[in-house]
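The values are calculated or read from the model by the stated rules, or taken from the named source; none is laboratory data. None of the values given here were measured: they were computed from a predicted structure. Please note: Cβ atoms are built from the backbone with ideal geometry, for glycine as well, and neighbour counts cover all protein chains shown.
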Amino acid sequence: MPPPRLAHRAVPAFRQARGFHGAVAEFKRQLIEVTLRRVGGNRTLAADVLGLQRTYLLRLMRRLGVAVPPPGRRGRILGAG
């Protein structure tokens, strides 16, 4: 499954970011947050959807200050049949 599209929300945030690296960090943070919401907070499934190793996703989350959403429908991709 392709990652969710963020373009319509992300552009204003990137304008506020500090330079290229700030914009990249903000994009990563938003992509991770949206993906976590779509998979009900399941970090293992989010890592799989994003094509990352779970441990790398957890490191990114800590570095970018991404909070894990409260448990929802774990293991199920929201919006999927």
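Taken over region 33-42, the criterion of being assigned to a helix (DSSP H, G or I) and surrounded by 18 or more Cβ atoms within 10 Å (Cβ to Cβ) is satisfied by Glu33, Thr35, Leu36, Arg38. Within the option set Leu58, Leu52, being modelled with pLDDT of 90 or more, surrounded by 11 or more Cβ atoms within 10 Å (Cβ to Cβ), in contact with a helix residue (DSSP H, G or I) (Cβ under 9 Å, 6 or more places away or on another chain) and not in a loop (DSSP other than H, G, I, E, B) holds for one residue only, Leu58.
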